[in-house]
Amino acid sequence: MGNLLKVLTCTDLEQGPNFFLDFENAQPTESEKEIYNQVNVVLKDAEGILEDLQSYRGAGHEIREAIQHPADEKLQEKAWGAVVPLVGKLKKFYEFSQRLEAALRGLLGALTSTPYSPTQHLEREQALAKQFAEILHFTLRFDELKMTNPAIQNDFSYYRRTLSRMRINNVPAEGENEVNNELANRMSLFYAEATPMLKTLSDATTKFVSENKNLPIENTTDCLSTMASVCRVMLETPEYRSRFTNEETVSFCLRVMVGVIILYDHVHPVGAFAKTSKIDMKGCIKVLKDQPPNSVEGLLNALRCHWPFLDKSVMLRHASGLALSRRL
């Protein structure tokens, strides 16, 4: 509790890196192109994934009818016919999370390598930093949409129950070849998370650190804290913020800032709220507080999923430098 109180009330925190990261126009240099092109193949599909998720309506009506009339075979077939293509979409979302994980690990490898410091990497390789930011931006947008759509888990639960019943009764199951039991188990774990994409990236970052033991963990945590600091400084500095030509860049920076805070907390041995944290949590929360409430509600929800004590009133008090209960 003492460490957390100090970090949230401290006024002499290091300001951290202070430079403009061009999220709007950064282009890859020759040395960045190999990794950039690999990641770009993944990112070009991101917007389509979000559009499919946003239009996901679920099969709630058909499922309710089938459950209420278990002896009506036509209703059972109708519900199954409605659910199978939806599960195909859920499979596509899950498989994209695996591609995104691989892309993130490639970027981390490039942005944490020696001999440059994380700050030098982000300044020199702005196109890769922009892609890293785009992955986090997509991730937060995906999870915001998922958290507000209970049909996803309802549809998938019905699919698994029905598939199990068909298998017991030796009934051929159209769709099982697409999502078999093994894959369904992995997808179930994915969708059980409140923020499944962020959990995937957090696990990928942790795995990256554990698999690269020759690389100091500080290379990774400093990369994350530097990105958080850069986003915060650009948002709270009028000179930098005036350089944004797209109004969406503000929400982009906010999502990236929240994303790297959560990744940092997963990777850093003592977390984002510790006294030794290089992230100015008080400053970051204040930046969130200063935005229109409706525009940051999803981001606050993402933080609350990871730190349950961060209810809205407490977060506002943090921004004023008041005390906080201990980190759970």
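The values are calculated or read from the model by the stated rules, or taken from the named source; none is laboratory data. Since this is a predicted model, take the numbers as computed values, not measurements. All Cβ positions, even for glycine, are placed from backbone atoms using ideal geometry, and neighbour counts span all protein chains on display. In case anyone asks, the SASA skips ligands and DNA or RNA and just uses the protein heavy atoms, side chains included. Shrake-Rupley method; radii C 1.70, N 1.55, O 1.52, S 1.80 Å.
What tally of residues in region 197-206 results from selecting those that are over 19 Å from C223 (Cβ atoms) and surrounded by fewer than 22 Cβ atoms within 10 Å (Cβ to Cβ)?
Going through region 197-206, the residues over 19 Å from C223 (Cβ atoms) turn out to be 197, 199.
Right, trim to surrounded by fewer than 22 Cβ atoms within 10 Å (Cβ to Cβ) and you get 199.
Count: 1.
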| Within region 39-49, is even one residue open to solvent by 80 Å² or more (accessible area, probe 1.4 Å), part of a loop (DSSP other than H, G, I, E, B) and touching a residue at least 24 places away in the same chain (Cβ under 8 Å)? | no
| Can L163 be described as under 26 Å from the mean Cα position of the chain (by Cα) and not hydroxyl-bearing (S, T, Y)? | no
| task | Would you please name the residue that is farthest from the chain's Cα centre (by Cα), looking only at residues in region 120-142 that are among the charged types (D, E, K, R) and under 18 Å from E248 (Cα atoms)? | result | K130
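Of everything in region 134-172, what is acidic (D, E) and closer than 17 Å to S97 by Cα? Give them in sequence order.
E134, D143, E144
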| Checking V230 against (1) open to solvent by less than 60 Å² (accessible area, probe 1.4 Å); (2) part of a loop (DSSP other than H, G, I, E, B), which single condition isn't satisfied? | (2)
| task | Please list, ordered by first then second residue, the pairs with beta carbon atoms under 9 Å, 6 or more apart or interchain, first in region 245-268 and basic (K, R), second open to solvent by 10 Å² or more (accessible area, probe 1.4 Å). | result | R255/H137; R255/R141; R255/E144; R255/G298
| message | Can you confirm whether A102 is small (G, A, S), open to solvent by 30 Å² or more (accessible area, probe 1.4 Å), within 23 Å of V39 (Cα to Cα) and touching a residue at least 60 places away in the same chain (Cβ under 8 Å)? | response | yes
| task | Could you list, in sequence order, all residues of region 181-199 that are among the charged types (D, E, K, R) and in a helix (DSSP H, G or I)? | result | E182, R186, K199
| query | Just checking, how many residues over region 220-240 are out of contact with any helix residue (DSSP H, G or I) (no Cβ under 7 Å at 6 or more places or on another chain) and hydroxyl-bearing (S, T, Y)? | reply | 2
| query | Of N149, N154, which residue is part of a loop (DSSP other than H, G, I, E, B), open to solvent by 10 Å² or more (accessible area, probe 1.4 Å) and under 18 Å from A192 (Cα atoms)? | reply | N149
| said: I'd like the residue in region 233-252 that is assigned to a helix (DSSP H, G or I) and among the hydroxyl-bearing types (S, T, Y) and, out of all such residues, is farthest from S295 (Cα to Cα). | reply: Y240
| For region 51-66, what are the residues that are open to solvent by less than 100 Å² (accessible area, probe 1.4 Å) and part of a helix (DSSP H, G or I)? | D52, L53, G60, E62, I63, E65, A66
| task | Those residues that are within 20 Å of S202 (Cβ to Cβ), open to solvent by 10 Å² or more (accessible area, probe 1.4 Å) and not in a loop (DSSP other than H, G, I, E, B), I need them from region 253-282; list them, please. | result | R255, D265, H266, V267
| L299: under 27 Å from N25 (Cβ atoms) and modelled with pLDDT of 85 or more, yes or no? | no
